[in-house]
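A short write-up of the structure that comes next.
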Amino acid sequence: MQCERARELVSAYVDGELPAGDRRAVETHMTDCRSCAALASDFRQVGQSLSATGREPLPPALETRVRASLAQARAADVHSPVPARAPRLGPILARPRSPLRAAAALVAVCVLSALATWFTVSRSDEATLQARDVLAGHVRALLQDSPITVAASDIHVVKPWFAGRLEFSPEVKDLAAEGFPLVGGRLDYIDGRRVAAIVYKRRLHVISVFIWPAAKADAAPRYATRNGYNLATWDRQGFSYWAVSDVSAAELAQLVGLL
Amino acid sequence: MTALPPFEDLAIPHLGAAYNLAFWLIRSRPDAEDIVQDAYLRAFKAYAGFRGQDIRPWLLAIVRNVAYRWLSDRRRAGNVVSLDEALAPDAERAPFEVAAEDLNAEQELIRDAERGYVLRGLAELPAAFREVVVLRELEGLAYRDIAHVIGAPIGTVMSRLARGRNELRKVLTRLIDKDTPNAV
C-alpha cells in the first residue's frame, strides 16, 4: 500500500472502522513505515487525552429545566383541540365518477389554471415590475448623497441637460409657486430602458417623477402604495409617467394634477 | 405497531451527550443550555415520527441543527463570542504554577497541561472537523451514527475525522511549542 493512501486510512484504522482488506493492508504497511505507525500512535494518544478529559460537565439544573419545558409542551398538547379534518371534501372526492368525466374535469382544470396563470403573469407583470423598478430607483437615489445628477431649479437648465442623454425630451415644469420646487434631474433605468427622472420637492419630501415614451393610449392616474411609499402612474400623449414619494397620497395626487 | 415509550425515558439519559455536542459547537455554556432545551422541545414534537433503534444519533442530529441555526443567526447579528471567553475556566488552570513535590504530582500536572492543550486545540478546529472529533472521541459514536448526525455519507465522516485529527495534531504541536519555549 502506498504511504499516501495509508495515511488517509490510519484514522479509520485506529477506530477499527476499516473493512478487513484495508485493515490488513494498513497493518502491513505500518510494520515497514515508521511515520505511519507514529501517526497511529499519535491519534491514539490524542483520543486518550480527549476521552480522559471527558464531556463538558452537564450543568446540574439543566435536566430539571428540560423536563419542565417538556412537561409544559405535553400539557399544551393535551389541551389544544385536535385539528379537525377537512370535512365533507373526502366523501365528494371519493364518490365514484366515470373516467371520462374525471378526465374532462382534469383537462378543464388544467386549461383554467394555465389561462389564469398566463392572464395574471401577463397582466400583473408590466405594472408590478415597473412599480418595483420605479420604487427601487427612487429609494436607491435617496441612498446616494444626492438624488440628482443635474441640480437646477430652472427648467431651462434641466430640460437641455437631458438632450443628448435621452432620445426624447421629458416634460419639466416649474411648480415652485404651487409648493413643488424643482430640484433637478437624473437618468435612471426602468423596465429595460433609460428614462428621465425629474426630482421635485414638497417641504422635505423628495418626489421622483419618471418619464419615458410608450406607445400607449392615454390613461388616468392610478395610485398604489408600496413599502410605505405612494406611487402614481398615468399615460399621456405617448409618454408613461410614474411619480413616487413618501408624501401623502393627497399631495402626490395634487402634483399629478399639476403635471 | 408498538407504542413508543415516553420521550423523556429515552431522551433524558442522553442529555449529557446533547449538552456536550452543543457546547463544542457553540463554545458557550449558557447558550449550549438554551440550545439543548430548544432541541429537546423540537425532538419531543417530532418524536411521533421517530423510527429507529437508537435515539441518540437522531437526538444529536436535532441538537446539531439547532446549534447551527443559532450560530448563523448570531453571525447575522454580527455578535461573535470569543474563544478565550468560552474556554476561560480551562485557561485559568495555569498548569505550571505549582511546584512539583514528587514524580506523581509532576506527572499529574503534565497530564493536566496536556488536557488543557487538547481542549484548546479542539476548540480551534474548524466546526466541520470539530464535530466529528467530538462525536467520535468524546461520545464514542460509530461512523454510521456520526454519518446520521451530520447528515453525510460514511466516507465523509472518515475523511473529516482523519483531517480533523491531523489538524488537531498540528495545533497541539504548535500550542505546546509556543507555551514551553525552553522545553528540550
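The values are calculated or read from the model by the stated rules, or taken from the named source; none is laboratory data. From a predicted model like this one, the values you see are computed outputs, not experimental measurements. Positions of Cβ are backbone-derived with ideal geometry, glycine not excepted, and every protein chain shown enters the neighbour counts.
Please enumerate the residues belonging to the range B:23-37 that are in contact with a Phe, Trp or Tyr (Cβ under 9 Å, 6 or more places away or on another chain), more than 8 Å from chain A (Cβ to nearest Cβ) and surrounded by fewer than 19 Cβ atoms within 10 Å (Cβ to Cβ). Break it down into steps so the answer makes sense when it comes.
Let us first name the residues in the range B:23-37 that are in contact with a Phe, Trp or Tyr (Cβ under 9 Å, 6 or more places away or on another chain), namely B:25-26, B:29, B:31-36.
The next check asks that each one be more than 8 Å from chain A (Cβ to nearest Cβ); those that pass are B:25-26, B:31, B:34-35.
Passing the criteria: only B:D34.
Rundown of residues vs (1) loosely packed, with under 13 Cβ neighbours inside 10 Å; (2) within 19 Å of A:A163 (Cα to Cα), yes/no style:
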| residue | (1), (2) |
| --- | --- |
| A:Y200 | no, no |
| A:V206 | no, no |
| A:K216 | yes, no |
| A:W234 | no, no |
| A:Y241 | no, yes |
| A:V247 | no, no |
| A:A253 | no, no |
| A:G257 | yes, no |
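Starting from residues that are more than 12 Å from every other protein chain (Cβ to nearest Cβ) and of a type in the set (V, I, T), keep the ones in the range A:27-60 and report whichever is nearest to B:A142 (Cα to Cα).
Looking at residues that are more than 12 Å from every other protein chain (Cβ to nearest Cβ) and of a type in the set (V, I, T), I get A:T28.
Using beta carbons and a limit of 7 Å, which pairs, at least six apart or on different chains, have the first residue in the range B:142-170 and touching a residue at least 40 places away in the same chain (Cβ under 8 Å) and among the charged types (D, E, K, R) and the second one buried (at least 18 other Cβ atoms within 10 Å of the Cβ) and in a helix (DSSP H, G or I)?
Matching pairs, first to second residue: B:D145/B:P57; B:E167/B:F129.
Looking at the range B:29-58 only, could you name the residues that are more than 18 Å from the chain's Cα centre (by Cα) and hydrophobic (A, V, I, L, M, F, W, C)? Give the steps one after another, and end with the answer.
We begin by selecting, within the range B:29-58, every residue more than 18 Å from the chain's Cα centre (by Cα); these are B:41-55.
Result: B:L41, B:A43, B:F44, B:A46, B:A48, B:F50, B:I55.
Is it true that some residue in the range B:43-65 is modelled with pLDDT under 65 and away from chain A (no Cβ under 12 Å)?
The answer is no, given that none of the residues of the range B:43-65 is modelled with pLDDT under 65 and away from chain A (no Cβ under 12 Å).
Condition first: touching a helix residue (DSSP H, G or I) at 6+ places or on another chain (Cβ under 7 Å), within 20 Å of B:L135 (Cα to Cα) and assigned to a helix (DSSP H, G or I). Can you find one or more residues in the range A:17-34 that meet it?
no
Regarding B:A11, is this residue more than 9 Å from chain A (Cβ to nearest Cβ), within 16 Å of A:A73 (Cα to Cα) and assigned to a helix (DSSP H, G or I)?
no
Can you pull out the residues in the range A:151-184 that are part of a strand (DSSP E or B) and under 23 Å from A:V256 (Cβ atoms)?
Those that are part of a strand (DSSP E or B) and under 23 Å from A:V256 (Cβ atoms): A:L166, A:L175, A:F180, A:L182, A:V183, A:G184.
So how many residues does the range B:109-140 have that are at the interface with another protein chain (Cβ under 10 Å from one of its Cβ atoms) and part of a loop (DSSP other than H, G, I, E, B)?
2
For A:F239, state whether it is closer than 18 Å to A:Q130 by Cα, aromatic (F, W, Y) and in contact with a Pro (Cβ under 7 Å, 6 or more places away or on another chain).
In short, yes.
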